[in-house]
Amino acid sequence: MAAPIEEKDQATQDPRKEGIASSIRVVPHVPKGGIMFQDITPLLLDPKVFKDTVDLFIERYTGKDISAVAGTKMCRALRILEEGIEARGFIFGPPIALAIGAKFIPLRKPRKLPGEVISEEYVLEYGRDCLEMHVGAVQQGEHVLVVDDLIATGGTLCAAISLLERAGAKVVECACVIELPELKGRERLKVTPLYVLVESH
Amino acid sequence: MLHTSLYCRSFPSPSHLRSLVLSSRLFPSVAVRTSPTLSLRRSRANRSIAMAATEDNRIKRIASSIRVIPDWPKPGVMFQDITTLLLDPLAFKDSIDLFVERYKDKGITVVAGVEARGFIFGPPIALAIGAKFVPMRKPNKLPGEVISEEYSLEYGTDVMEMHVGAVQSGDRVLVIDDLIATGGTLCAAIRLLERVGAEVVESACVIELPELKGRERLGDRPLFVLIKAKGV
């Protein structure tokens, strides 16, 4: 069950987060038994809640000198063996980029981006995956925000950070709608700050 | 007051890389309306010319931001890479604005975005016009109950899926993808939406490859594009 992040001062809990948390549908045993899949598609079916989600990020990042927003479209393994569930970083990243006047950089599975790419292979709980970015998408010293719908183990986000840093950019923060705290993704991100709207246990 | 340069602005001639064809539906008519004074009529016409010139610049910027990659993913294909458009915040914003301006007063209740690049353009349009966003996905990506539509590719077939209940009978839908080639993907999306009783008001893409005859495949289903390009 998704819940808003506990604010230090309860009185300042943003009321929009309640709507966001309650619009996330948890689908049990997808893709396999024992997994609780966090389905954000009902959030997208509620224009007010979708707008609130994007607005919360825009309010945080406007005027923060971020010149690029990177979003991933990857297979994500949640303690499963063969199948991955593709991430929806493409959905939240572009509206944020548009509103703050930043570029949008898609990070993708191998062989989806045409032209010259750099690749980052990374280890999942079982097996490996690979994330690619276009050469020249970021410049040295650019400040980048990485956006995804969900952080689980943090593997995808770490690979994204690694790719961007290899290209000389600085990842100022990662932003997700949902965090699964038990999977310790926040710890895996180490020094890179993480901002999320709701947690799910 | 308008600058005289706007009067003299001409439409772009075809570039040596691609031809720019401005959709005739994009521009308001410059018809003279009845008005008390000649100067008022002239200022309305001036505003229409100014709007047309501004939209002309936006299309130019969008077209020149798109990178063409030859022989990808296979020899003979000129791949239209929109990722470079996304790296130009003004061009990206312009492309969204052009769609939003067209659709904001059309009573659209759903924007259906085709995986994957339709997910980049669809949500900003949906947000701006206050519509739901519904992803149209490859198989086995959507959890829960889905309906499927099989469609043919150049070699073989593929399947598109949509969540049951995402779209209702009576919804007015805009279908979005980055590009229309043969039209197979868009036709599958339209069929899925019509099967649940929705009305597909229009399909919209950034780029059309006219030689691949996607528009013909759509038949009488309306199609709006910003740019036409040579894809092969």
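Laboratory data are not the source of any read-out in this text; all were calculated from the coordinates shown. The structure presented is a predicted model; accordingly, all values stated were derived computationally and were not measured. Every residue, glycine among them, receives a Cβ derived from its backbone with ideal geometry; neighbour counts consider all protein chains shown.
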Checklist entry - Any idea what Rg and Dmax come out to for chain A if you just take the C-alpha atoms, in Å? => result 16.2, 51
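Which entries of A:K103/A:K170; B:K132/B:K228; A:K64/A:K103 show an alpha-carbon separation above 20 angstrom in the structure shown?
Beyond 20 Å between Cα atoms: B:K132/B:K228.
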Checklist entry - Structure shown: which of A:K112/B:K230; A:K112/B:K106; A:K32/B:K213; A:K109/B:K106 lie over 32 Å apart, alpha-carbon to alpha-carbon? => result A:K112/B:K106; A:K32/B:K213; A:K109/B:K106
Next on the checklist: Calculate the FRET efficiency for A:E59 and B:N57 from the Cβ-Cβ distance with a Förster distance of 30 Å, rounded to the nearest 0.05.
Outcome noted: 0.45
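Of B:L179, A:L45, A:L157, how do they rank once you tally other Cβ atoms within 10 Å and put the fewest first? Please report the intermediate quantities before stating the final value.
Details: B:L179 24, A:L45 20, A:L157 30.
If I rank by nearby Cβ atoms, fewest first, I get A:L45, B:L179, A:L157.
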Item to check | Cβ-based exposure ranking for A:I20, B:I180, in which fewest neighbours within 10 Å come first | outcome: A:I20, B:I180
Checklist entry - Expressed as a whole number of Å, what is the distance separating the alpha-carbon centroids of segment B:109-168 and segment B:43-98? => result 24
Next on the checklist: Report D for segment B:41-228 in µm² per second (integer): Stokes-Einstein, Kirkwood Rh on Cα pairs, 37 °C, 0.692 mPa s.
Outcome noted: 189
Checklist entry - Tell me, in nm to one decimal, what length is gained between B:R191 and B:E145 on full extension, where the rule is 0.36 nm per residue of separation less the Cα-Cα distance? => result 14.8 nm
Next on the checklist: Can you compute the helix-only [θ] at 222 nm over chain A? Use -39500 (n - 2.57) per DSSP H run of at least 4 residues, normalise by all residues, nearest 500 deg cm²/dmol.
Outcome noted: -8000 deg cm²/dmol
